[in-house]
Amino acid sequence: MHVQLDLTQGNYIELSAVCALLSRLWNQELDVQTLQRLEKPEVAETWTALGGSLPDHDDATLELLAVDYCQLLVGPRGHISPVQSIWSAGRFAADSAGTMQQYVEMLKGFQPCNKITDHVAVQLQYLGVVLGIAAESKKDLWQGLATRFAAQHLAWTHEFFEQVAQRANSDFYRGLATVSQRFLFE
Amino acid sequence: MVDKNRRRFIQLGAAVIGSTVLGRHSRGSGAADPPAVTMSGTASLPEDFRMPGVADLPGPGSDRDWPALDKYAGVESVPGMCQLCSTICGIVGKVKDGRLLKIEGNPNDPNSRGRLCARGQAGLNHQYHPERLLYPLKRVGARGEGKWKRISWDQALDEIASRLKAIRESGHPEEFAFHQGRQRSKDALKRFLDAYGTKTQLSHRALCSGNRRAANLTYLWESDWDLNDVEHSKYILNFGSNAFEAHQGHVPFANRIQNGRFVNGAKLVTFDVRLSNTAGASDEWFAPFPGTDGAVALAMCYTILAENLQDDEFINTWTNTTVDELREHLKSNTPEWAENVSGIPAADIRRIAIEFARAAPAATTMCNRGSSAHLNGYYNDRAVHLLNALVGSVGKKGGWCWSPWGGVDPEFKPPKGPPGAKTWSVLEDPPEYPLSNVWRRMKVGEIVYLYLLQGRAKLQAYMTYNLDSPLTWPEESLTKQVLCDENLIQFHVCINPFYSETAHYADIVLPWTTYLERWDLDARASYNLKPYVGLRTPMVEPLGEARDVRDFFPELARRIGGGMEKWYEYGTTEEYMRAWAEKIPANQATGKSGLDRLLDEGAWENPERDAFYEPYAAELTAGQLAEATVDPENGILQKDGKGIGLKLGEKFVRGFATPSRKFEIRSLFVERTGKNLDCRELINRSGIKASNRPEQHAGHDVEIDQMPVWFQPVEHESLADNELIMTSFKWNVHNHGRTMNLKWLAEIVHSNPAWINPATAKTFGIKDGDWIELTGYHSRMLEEQSSHLTHGEPDDSGRRVSGIMRVPVVLMEGIHPRAIAMSNSCGHWQYTQVATANNPQPDGRLAGSDPDTYRDRDWEENMWWQDDSNGDKSKWERNTGNGWNQNQIMPIAPDPVTGQQAFHSTVVKIRKI
């Protein structure tokens, strides 16, 4: 599946922010602070309209979500790996990790949010950063890079999001997969 | 993206920015405005921009992932040491872009000489396994339910420190037990446990080599490890060692055996109940009745004396017996007697004994678990070693040698650590096993869970490290029961690179680095008979949040406080290693010394040291003799109250480091220790540190014979027709519990049907592929001699059953008719999809992989062994499944002398089903 996100029409700042949001949510369990921000009306409205879901705001729910996150993405057994290398080669540190590392090194100052550079969270973070730069200078250059990057390092996520949506126990993570899928592939 | 969606995402983005959910250019951590990101290097990208040096990913539909032509161009070679078995061969990692691409043997390693076995090659599977643990986990359901959440290292260390601190402050630090499997960071573990103040450090040695070590120590005191000089030998007599596949010396040893045979013309004769790959590659193979190796060895001793082929000079000068005494002692151990118990023809015993003696002194025995993992294993190995003394090959070139250096060259000391902890725990030093901890800490690991169940000890905290006890220890069900019981083990932290059967019963799981990601100075007893220094170094960054104990123990110590922290003021781990390796001299060619030299070369052996041949004959120097006194009764030289040598005629020589300063065929020490008599004088005469604890062990006397003798366990004397003796073995592609998850290896061996001799099978009406039911029994001998072990209910026949399991059989000529063999390593139920041969994906692909882009034929087509019969034996197909854990039926069975688990003495009843 090819990434459908059209990067030729501008709005890079906004798309960059969406990338950053999705990156944050894939990288770590939902915490109180992030949930509070997601609950702000202007965010919550669009989030739910795109297929996202917001959980109850209590410790027990966050704990259940943390357990769901773990069984979905961390393991220790039978999880759906959020790492491209696993999808492309059945092991960590495959070629996609090498190319990701080179992309990372191209951007001075870029600090991956996860040590595993071909983790979906880093890839969304990276795309967001490149789009953010594209909004400020040399649009064509950076938009071109973003397009190539997305094709090389985000196409794999289609199946990943689909499996997460199928296997998530919580509406929140099912919704996160749906929103992510729509963002990149619809 | 359809316009409607796009508009909504733009709205979402705007709302996110407006609500400061996250700032643009976020690094993903929620930071609002991270530093500006700029293009590195060139300001523009070429139109045909591609990533250099890396192959394109396979596109959709592609079924091959061909490596780039320049895959290995520009790789960096990083030295390290393997740890997929205990042999720790030197390795070199080929690293590019921070990724490990290949592992090879390191030719600079003086012990392994650049050889690397299949396990070592499969280290890549270990490093980049798709199911590696990457984050700390905390249990959220019931223990053993398998429900987890990820936690931060901070939270994990805080919780662990809080528990350990409370235990330490309660005045019972011994109620924190550290339980290790294979470990090669001895200094780091000791530092932490000594700083904490607990001596309850449990190991797996009793499952492995306790009897062989104790037999060696009885003779030598200074070494628990015989290093047979097979490379220079003319005759190698092997009792139950599978050196070509699994010996602790494995590849370095196998390499030297073959050099001995094909360069030096040595003959290799193997006694083993099973036709191992070593037996199969020998010049002669004999299958003795299980546990009778010692009888065969004693009969050979008898023959050598009867034929007057013994080395009189060695026996009379260097042992503490005489030829006449030995003749008297061995007078009933005739080859005919041995034939009667072992089934080995007396003529062969006699012939081989004569051949062996005539080849001496370039003749050596070798042995291992085949002879030692028995209820009479200590005596088996005492008898086997005796052969070398009779022919005078002890310490000789090509003979039976040893060295006092079991680890890193003692010239190199790590930064000073805390004084040793002084606590005592019955788990660590059970008084019932007199030789288990007398010279070295060998522990009696297999009793740990039973003693906890019996209430003989209490554990407030239990930290497991590279340990898979439910799979590898006897009585799987008892192990699981205790691990699951929060009253018996109140808090369990598991440190492991993979989710294992042990991790399954933990409260917190810490993701451990692989041996390819961490630091150690390491070495093992080298077949060069010299010590060396090897380096294990991080070839790549730890994956995910995996961390080594060298990295997080200092943090844990600081959180526990109470003075622990002061032992971690040495700086970084690299600085610690640098201080440890400081004395390594400069390589004249490179100018590099110390750690820098090791980082270049991986290992260093001092060229100025001599091999440890005939150390006992070395004359003492004037300096050594200064202020020494001679005991006129026995010629023993003492200095400062410690034995240092022996006066022989007019010479002052080193002798052996034993109480008699001779090779102790007769050991008063073991007899007295067994009876809990004071041994201070004997210990002082040896000059070797040993424990003397008659008070502590009082009331637990065990008869230990002074001399090498042999007896048959009572349950082996009259096996019923439907009973066999169970033996186990390792394949050359596996270690015990840690390699079945490695795809390259599991593809070669993944299952373990029971081996039965066709003649035996015929009496049961069993055909190849049939299933049998195995019933394991507790030892009758131990019920009489070790009543503290008795547990479980007797069956109708009055015998206590240790377990029942059902397995298929494979008929093999290469097994003794009264033995049944199953390999270990199999039967995992938690240890990754590969090890459990259980892939939940309907199309056979790996969970979490893309069926369009990921076409791994190894997995999709070669993972052909998944068992889809769902327990229906009529649908089971040969060679499918992940095998069976033999420990479902193996009873806890410590040799009463040393505590070594007598895996190979287990009597099982078989029934065709």
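The values are calculated or read from the model by the stated rules, or taken from the named source; none is laboratory data. Since the model is a prediction, treat every value here as computed from it, not as a measurement. FYI the Cβ positions are ideal-geometry reconstructions off the backbone, even for glycines, and counts take in every protein chain you see.
For the range B:166-187, the tally of residues that are under 28 Å from A:V74 (Cβ atoms) and part of a helix (DSSP H, G or I) stands at 0. Residue under question is B:T573, and the condition is that it be farther than 30 Å from B:Q481 by Cα and either out of contact with any Leu (no Cβ under 8 Å at 6 or more places or on another chain) or not assigned by TED's automatic domain parsing to the domain that holds B:V251 (or both); does it hold? Taking the combined requirement at face value, the residue satisfies it. Of all the listed residues (A:L141, A:L131), the sole one being out of contact with any His (no Cβ under 7 Å at 6 or more places or on another chain), within 10 Å of another protein chain (Cβ to nearest Cβ) and surrounded by fewer than 23 Cβ atoms within 10 Å (Cβ to Cβ) is A:L141. Please indicate, with yes or no, whether at least one residue in the range B:500-509 is surrounded by 23 or more Cβ atoms within 10 Å (Cβ to Cβ), within 22 Å of B:I91 (Cα to Cα) and in contact (Cβ under 8 Å) with a residue 24 or more places away in the chain. Within the range B:500-509 (the criterion being surrounded by 23 or more Cβ atoms within 10 Å (Cβ to Cβ), within 22 Å of B:I91 (Cα to Cα) and in contact (Cβ under 8 Å) with a residue 24 or more places away in the chain), the answer is no, since none of the residues qualifies. For the range B:656-699, the set of residues classified as among the hydroxyl-bearing types (S, T, Y) and at pLDDT 95 or above consists of B:T658, B:S660, B:S667, B:T673, listed by residue number.
Checking each residue in the range A:42-59 for being modelled with pLDDT of 95 or more and either of a type outside the set (S, T, N, Q) or assigned to a loop (DSSP other than H, G, I, E, B) (or both) picks out A:V43, A:A44, A:E45, A:W47, A:A49, A:L50, A:G51, A:G52, A:S53, A:L54, A:P55. Name every residue in the range B:272-289 that is among the aliphatic types (A, V, I, L, M), out of contact with any Pro (no Cβ under 6 Å at 6 or more places or on another chain) and within 18 Å of B:I349 (Cα to Cα), in order of residue number. Of everything in the range B:272-289, those that are among the aliphatic types (A, V, I, L, M), out of contact with any Pro (no Cβ under 6 Å at 6 or more places or on another chain) and within 18 Å of B:I349 (Cα to Cα) turn out to be B:A279, B:A287. Here is the figure for the range A:3-13: residues that are more than 7 Å from chain B (Cβ to nearest Cβ) and at negative phi total 5.
Residue-by-condition table, conditions (1) more than 30 Å from B:W580 (Cα to Cα); (2) β-branched (V, I, T); (3) touching a Phe, Trp or Tyr at 6+ places or on another chain (Cβ under 8 Å); (4) part of a loop (DSSP other than H, G, I, E, B):
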| residue | (1), (2), (3), (4) |
| --- | --- |
| B:K190 | no, no, no, no |
| B:K199 | no, no, yes, yes |
| B:A214 | yes, no, yes, no |
| B:I236 | yes, yes, no, no |
| B:A243 | yes, no, yes, yes |
| B:H247 | no, no, yes, yes |
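It is to be established whether one or more residues within the range A:14-30 are surrounded by fewer than 16 Cβ atoms within 10 Å (Cβ to Cβ) and either within 9 Å of chain B (Cβ to nearest Cβ) or free of Cβ contacts under 8 Å to residues at least 24 places away in the same chain (or both). Scanning the range A:14-30 turns up no residue that is surrounded by fewer than 16 Cβ atoms within 10 Å (Cβ to Cβ) and either within 9 Å of chain B (Cβ to nearest Cβ) or free of Cβ contacts under 8 Å to residues at least 24 places away in the same chain (or both).
Scanning the range B:485-512 for residues that are among the β-branched types (V, I, T) and more than 11 Å from B:Y465 (Cα to Cα) returns B:I489, B:I508.
Taking the stated definitions as given, is B:D768 modelled with pLDDT under 95 and closer than 15 Å to B:K873 by Cα? Criteria met by B:D768. Residues of the range B:192-209 that are of a type outside the set (S, T, N, Q) and modelled with pLDDT of 95 or more: B:F192, B:L193, B:D194, B:A195, B:Y196, B:G197, B:K199, B:L202. Contact annotation: residue pairs with Cβ atoms under 6 Å, 6 or more positions apart or on different chains, pairing a residue in the range A:132-144 that is touching a residue at least 24 places away in the same chain (Cβ under 8 Å) and polar (S, T, N, Q) with a partner that is surrounded by 20 or more Cβ atoms within 10 Å (Cβ to Cβ) and part of a helix (DSSP H, G or I), are A:Q143/A:A134. What number of residues within the range A:102-124 satisfy the criterion of being in a helix (DSSP H, G or I), facing chain B (nearest Cβ under 7 Å) and under 16 Å from A:L145 (Cβ atoms)? Residues flagged as in a helix (DSSP H, G or I), facing chain B (nearest Cβ under 7 Å) and under 16 Å from A:L145 (Cβ atoms) within the range A:102-124 amount to 3.
With respect to the conditions (1) within 28 Å of B:Q833 (Cα to Cα); (2) outside any loop (DSSP other than H, G, I, E, B), A:P76 falls short on a single one, namely (2). Inspection of the range B:588-608 identifies no residue that is over 24 Å from B:I103 (Cβ atoms), in contact (Cβ under 8 Å) with a residue 40 or more places away in the chain, touching a helix residue (DSSP H, G or I) at 6+ places or on another chain (Cβ under 8 Å) and not in a helix (DSSP H, G or I).
Among the listed residues A:T46, A:T34, which satisfies the condition of being over 22 Å from A:W87 (Cα atoms), at the interface with chain B (Cβ under 8 Å from one of its Cβ atoms), crowded, with 21+ Cβ neighbours inside 10 Å and not hydrophobic (A, V, I, L, M, F, W, C)? Among A:T46, A:T34, only A:T46 is over 22 Å from A:W87 (Cα atoms), at the interface with chain B (Cβ under 8 Å from one of its Cβ atoms), crowded, with 21+ Cβ neighbours inside 10 Å and not hydrophobic (A, V, I, L, M, F, W, C). Residues of the range B:63-119 that are among the polar types (S, T, N, Q), assigned to a loop (DSSP other than H, G, I, E, B) and surrounded by fewer than 22 Cβ atoms within 10 Å (Cβ to Cβ): B:S86, B:N108. Scanning the range A:81-96 for residues that are more than 7 Å from every other protein chain (Cβ to nearest Cβ) and over 19 Å from the mean Cα position of the chain (by Cα) returns a single hit, A:A94. Every listed requirement among (1) more than 7 Å from chain B (Cβ to nearest Cβ); (2) in contact (Cβ under 8 Å) with a residue 40 or more places away in the chain; (3) more than 27 Å from B:R7 (Cβ to Cβ) is met by A:T99 save one, (1). Among the residues of the range B:666-674, is there at least one that is within 32 Å of the chain's Cα centre (by Cα), outside any loop (DSSP other than H, G, I, E, B) and of a type in the set (S, T, Y)? Yes, some residue in the range B:666-674 is within 32 Å of the chain's Cα centre (by Cα), outside any loop (DSSP other than H, G, I, E, B) and of a type in the set (S, T, Y).
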